Every structure is written in structure tokens, then in C-alpha cells.
Amino acid sequence: MLMSHTDRPAKIHYMPNGFRILAPGDHVVCAVTGARIALEDLRYWDVAGQRPFASAAVASEAMAPE
């Protein structure tokens, strides 16, 4: 039986110039908003914190110094 990775979050290792899929899935969840991000749309993440963001604005806000 084939396993489907649809509707399952992927486990990702975020690197400075890309990411590596550790466990298959079709999306990740934004660390701030909780929005689903399809892997093909994933553009913003925090390497040190290993967390994805839904948009540049969300990433900038989350990573801004306090």
C-alpha cells in the first residue's frame, strides 16, 4: 500500500540557503500565525530557531530585536 504525504506536516531542517526534508509531508506550519505553508511556497525561515514563517513581514516582525 502506498503512503500518502498529503495533509501531513513535513519535518524540516532549515539551512542558510535552503532546507532539507527530514520526514515527508506537504506543508509546514508558520511559527507565528499558525498558517499552513505548502512546501513549494516556503520562502522564509529562521535558521537559528529552526522555525518557518508565512511571509517576509511575519519573519521580520518575529525576528526584530525587542
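The values are calculated or read from the model by the stated rules, or taken from the named source; none is laboratory data. Since the structure is predicted, the reported quantities are computational estimates derived from the model, not experimental observations. Here the Cβ is made from the backbone with ideal geometry for all residues, glycine too, and neighbour counts use every protein chain on show. Accessible surface areas use protein heavy atoms only, side chains included; no ligands, DNA or RNA. Shrake-Rupley method; radii C 1.70, N 1.55, O 1.52, S 1.80 Å.
Side notes on the structure shown:
- Residue in the range 2-23 that is open to solvent by 70 Å² or more (accessible area, probe 1.4 Å), part of a loop (DSSP other than H, G, I, E, B), in contact (Cβ under 8 Å) with a residue 24 or more places away in the chain and in contact with a helix residue (DSSP H, G or I) (Cβ under 7 Å, 6 or more places away or on another chain) present: no
Residue-by-condition table, conditions (1) modelled with pLDDT of 95 or more; (2) open to solvent by less than 40 Å² (accessible area, probe 1.4 Å); (3) not basic (Lys, Arg):
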{"position": "His27", "(1), (2), (3)": "yes, yes, yes"}
{"position": "Gly34", "(1), (2), (3)": "yes, no, yes"}
{"position": "Asp46", "(1), (2), (3)": "yes, yes, yes"}
{"position": "Arg51", "(1), (2), (3)": "yes, no, no"}
{"position": "Glu61", "(1), (2), (3)": "yes, no, yes"}
{"position": "Ala64", "(1), (2), (3)": "no, no, yes"}
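- Checking each residue in the range 4-35 for being among the aliphatic types (A, V, I, L, M), within 16 Å of Ser55 (Cα to Cα) and in contact with a Leu (Cβ under 7 Å, 6 or more places away or on another chain) picks out only Val28.
- Condition met for Ala38 (modelled with pLDDT of 95 or more, touching a His at 6+ places or on another chain (Cβ under 7 Å) and either open to solvent by less than 60 Å² (accessible area, probe 1.4 Å) or small (Gly, Ala, Ser) (or both)): yes
- Pairs linking a residue in the range 38-66 that is farther than 21 Å from Asp7 by Cα and part of a helix (DSSP H, G or I) to a residue that is open to solvent by less than 40 Å² (accessible area, probe 1.4 Å) and acidic (Asp, Glu), with Cβ atoms under 7 Å and 6 or more positions apart or on different chains, are Met63/Asp46.
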